[in-house]
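S.K.: Encoded as structure tokens, here's the structure I'll be asking about.
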Amino acid sequence: MTHRFRAGLALACAAFPAALVSPAHAAAAGVTLPWGDWLTALLQPVSAVLVPLAAAAVTAGIARVAPWAASVMTRDRVEAAIRAGAEFGQNAVAGAARGRTVSVDLGSAVVAAGARHVLAHAPARVVRTAGGAEGVAARIFRALPLDPQASAANVLAPALRQLREADRAPAARQG
């Protein structure tokens, strides 16, 4: 019996290196190794370490991208608010129409109406990012299709005066 045991052990030892080289050699030698069980037993502790590390890496990546993504989203919201203000101003002022060039005479009224609309309806963060009332008015001024004679002096400055007067009027009525 001992002799058969030694012979089997010698055969197993001879077949084991062949099984490590390729499964075909292992099958030819008549040795079957439980690769799936070994792999499962090896990967369980490894995955217990790697999954939290991968989650931490993903979280760190999101933390790096979040400020950039917030910046892009805020910029898009500001641009959308300015477009909406410019369109509102063109629709609200008699004689101005969306898609047509705005004359110098109507330009300040269109800018002021659009800026009031953005200030009333846009979130405070969007207005702050745009530069407050003056920044919103300046951005609407740049977004409008104005006559070639239009300038900041003859369109934007009067619009800013209209906005300031509108701000003072409710304060005077309340005081």
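The values are calculated or read from the model by the stated rules, or taken from the named source; none is laboratory data. Keep in mind that this is a model prediction, so the values were computed, not measured. FYI the Cβ positions are ideal-geometry reconstructions off the backbone, even for glycines, and counts take in every protein chain you see.
S.K.: Name the pairs whose Cβ atoms lie under 6 Å apart, with the first residue in region 77-99 and under 14 Å from LEU119 (Cα atoms), the second among the hydroxyl-bearing types (Ser, Thr, Tyr) and surrounded by 15 or more Cβ atoms within 10 Å (Cβ to Cβ), and 6 or more positions between them or separate chains?
M.R.: Within 6 Å, the pairs are VAL78/THR129.
S.K.: Report, by residue number, each residue of region 129-152 that is part of a helix (DSSP H, G or I) and of a type outside the set (Gly, Ala, Ser).
M.R.: THR129, GLU134, VAL136, ARG139, ILE140, PHE141, ARG142
S.K.: Another one. What do you reckon, is ARG75 within 19 Å of the chain's Cα centre (by Cα), modelled with pLDDT under 90 and of a type in the set (Lys, Arg)?
M.R.: Details: within 19 Å of the chain's Cα centre (by Cα): yes; modelled with pLDDT under 90: yes; of a type in the set (Lys, Arg): yes.
Taking the combined requirement at face value, the residue satisfies it.
S.K.: Let me ask something else about it. Which is under 17 Å from ARG77 (Cβ atoms), in contact with a Leu (Cβ under 9 Å, 6 or more places away or on another chain) and touching a residue at least 40 places away in the same chain (Cβ under 8 Å), of ALA130, ALA115, ALA143? Walk me through how you get there before you give the answer.
M.R.: Working: ALA130 fails: in contact with a Leu (Cβ under 9 Å, 6 or more places away or on another chain); ALA143 fails: in contact with a Leu (Cβ under 9 Å, 6 or more places away or on another chain).
Among ALA130, ALA115, ALA143, only ALA115 is under 17 Å from ARG77 (Cβ atoms), in contact with a Leu (Cβ under 9 Å, 6 or more places away or on another chain) and touching a residue at least 40 places away in the same chain (Cβ under 8 Å).
S.K.: Within the bounds of region 153-161, is there any residue that is farther than 12 Å from GLY85 by Cβ, touching a residue at least 40 places away in the same chain (Cβ under 8 Å), of a type in the set (Val, Ile, Thr) and touching a Gly at 6+ places or on another chain (Cβ under 7 Å)?
M.R.: The answer is yes; a qualifying residue exists.
S.K.: Could you list, in sequence order, the residues of region 125-154 that are within 20 Å of ASN91 (Cβ to Cβ) and under 35 Å from the mean Cα position of the chain (by Cα)? Reasoning before the result, please.
M.R.: As a first pass, look at region 125-154 and keep what is within 20 Å of ASN91 (Cβ to Cβ): 136-137, 139-147, 150.
The answer is VAL136, ALA137, ARG139, ILE140, PHE141, ARG142, ALA143, LEU144, PRO145, LEU146.
S.K.: Of all the residues that make up region 44-84, how many are more than 30 Å from ARG142 (Cα to Cα) and of a type in the set (Asp, Glu)?
M.R.: Count: 0.
Okay, residues lined up against (1) under 18 Å from GLY135 (Cα atoms); (2) in contact with a Gly (Cβ under 9 Å, 6 or more places away or on another chain):
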residue: TRP68; (1), (2): no, no
residue: THR74; (1), (2): yes, no
residue: ARG77; (1), (2): yes, no
residue: ALA84; (1), (2): yes, yes
residue: GLU87; (1), (2): yes, yes
residue: ARG100; (1), (2): no, no
residue: GLY107; (1), (2): yes, no
residue: VAL110; (1), (2): yes, yes
residue: ARG116; (1), (2): yes, yes
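S.K.: Quick one: is ALA26 modelled with pLDDT under 75, in contact with a helix residue (DSSP H, G or I) (Cβ under 6 Å, 6 or more places away or on another chain) and part of a helix (DSSP H, G or I)?
M.R.: For ALA26, the condition - modelled with pLDDT under 75, in contact with a helix residue (DSSP H, G or I) (Cβ under 6 Å, 6 or more places away or on another chain) and part of a helix (DSSP H, G or I) - is met.
S.K.: Quick check on this structure: which one of VAL72, VAL126 is part of a helix (DSSP H, G or I), among the β-branched types (Val, Ile, Thr) and exposed (fewer than 12 other Cβ atoms within 10 Å of the Cβ)?
M.R.: VAL72
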